[in-house]
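Asker: Before I ask anything, let me first share the structure, which is written out below as structure tokens.
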Amino acid sequence: MLTIVGARVNLREFHVGDARWLVRAMARGSWWRWDAPWEGRPSADDLRRVPVHLDVLIRERASPPRRIVIETRRGVPIGTASRYWVDERTQWMEVGIGIYQARHWGKGYGFEALGLWVDHLFEIMPLRRIGLRTWSGNHRMIRLARRLGFRQEAAFREAYAGGSRVYDRLAFGLLRREWERVRRSWAV
């Protein structure tokens, strides 16, 4: 069972009992306002599907997992980190994180979690690059990506609309050699 230990957070594989926590966190938290505000709060149907998706994820046992739990060092789950292939042939993977409740924001959990996740993926996989996508209003994620060495590579103007507001989609990228430089200057 994979566990990555950091100074402030641990990353670990999902357990069967995590479904209840994840559904509750997704239903109560205001995370969706930063993840994809134009989609709105998850529906009851979305939340009912979470245990089914987690069951598949747990049984699948991909290495590394496609999605993991971010928890405090005291073992309190606070979010998730994910990864998916954009193009396996060219060794290009995308990552993301979500911290579900506002009381856990601004404490460095997301920064350390994403740094640990990126480091782990570069360490165990033959990746050339890792990408990250967000939207123009998610200033915390933009800052976090830049602090970890990601470079903005594209802006897809007015890609998302919610009500009378429109947002750009931003794409960031980090090459292995860039991460090696960042890693030396950052205590992972």
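Each reported figure results from applying straightforward, stated rules to the coordinates on display, with no laboratory input. Owing to the predicted nature of the structure, the values given are computational and were not obtained by experimental measurement. Here the Cβ positions follow ideal geometry from the backbone for every residue, glycine too, while neighbour counts run over all protein chains shown.
Asker: Which FRET efficiency value, to the nearest 0.05, do you get for Met1 and Glu88 by plugging their Cβ-Cβ distance into 1/(1 + (r/R0)^6) with R0 = 25 Å?
Answerer: The formula returns an efficiency of 0.50 here.
Asker: Counting Lys +1, Arg +1, Asp -1, Glu -1, what net charge surrounds Gly137 among other residues with beta carbon under 15 Å of its beta carbon?
Answerer: Its environment carries a net charge of +3.
Asker: R0 = 22 Å: FRET efficiency of Glu153 with Arg66, Cβ-based, nearest 0.05?
Answerer: The formula returns an efficiency of 0.40 here.
Asker: If amide hydrogens are placed 1.01 Å from N in the peptide plane, which non-local residues have theirs closer than 5 Å to the one on Glu153?
Answerer: Ala171, Phe172, Gly173
Asker: With bins 5 Å wide starting at 0, give me the P(r) of region 84-188 over every alpha carbon pair, in whole percents.
Answerer: The calculated distribution, bin by bin, is 2, 11, 22, 22, 19, 14, 6, 2, 1.
Asker: With a ≥ b ≥ c the root eigenvalues of the C-alpha gyration tensor of region 1-49, is it rounded (a/c under 1.5), prolate (a/b larger than b/c) or oblate?
Answerer: Since a/c reaches 1.5 but b/c is at least a/b, the shape of region 1-49 is classed as oblate.
Asker: Related question: Could you give the length gained by full extension between Ala171 and Arg33, i.e. 0.36 nm per residue of separation minus their alpha carbon distance, to one decimal place?
Answerer: That works out to 47.8 nm of additional length.
Asker: While we're on this one: Region 4-113: which trypsin sites (Lys or Arg not before Pro) are DSSP loop and have at most 10 other beta-carbon atoms within 10 angstrom?
Answerer: Here the trypsin sites (Lys or Arg not before Pro) that fit, given the DSSP loop and packing criteria, are Arg61, Arg74, Arg89.
Asker: Okay, next question. How many angstrom separate the Cα center of region 150-174 from the Cα center of region 73-148?
Answerer: The distance from the Cα centre of region 150-174 to that of region 73-148 comes to 17 Å.
Asker: Something else about it: If the only charges are +1 at each Lys and Arg Cβ and -1 at each Asp and Glu Cβ, what is the size of the charge dipole of the chain around the Cα centre, to the nearest 20 debye?
Answerer: Roughly 540 debye for the chain.
Asker: Can you give the FRET efficiency for Ala44 and Arg103, using 1/(1 + (r/R0)^6), R0 = 30 Å, r = Cβ-Cβ distance, to the nearest 0.05?
Answerer: Efficiency at R0 = 30 Å is approximately 0.80.
Asker: Now a separate question. With 10 angstrom as the radius, rank Phe172, Phe156 by how many other C-beta atoms surround their C-beta, starting from the fewest.
Answerer: Phe156, Phe172
Asker: Also: Quick check on the exposure proxy: order Leu144, Leu114 from fewest to most C-beta atoms within 10 angstrom.
Answerer: By the 10 Å Cβ count, ascending: Leu144, Leu114.
Asker: Could you work out [θ]222 nm for the chain from helices alone, using -39500 (n - 2.57) per DSSP H run of at least four and dividing by all its residues? Round to the nearest 500 deg cm²/dmol.
Answerer: Roughly -11000 deg cm²/dmol at 222 nm, from the helical runs in the chain.
Asker: Any chance you could tell me what percent of the C-alpha pair distances in the chain go past 24 Å?
Answerer: Value for the chain (Cα pairs over 24 Å): 39 percent.
Asker: Follow-up. Where in region 22-115 are there GluC sites (Glu not before Pro) that are in a DSSP coil and have at most 13 other Cβ atoms within 10 angstrom of their Cβ?
Answerer: Glu88
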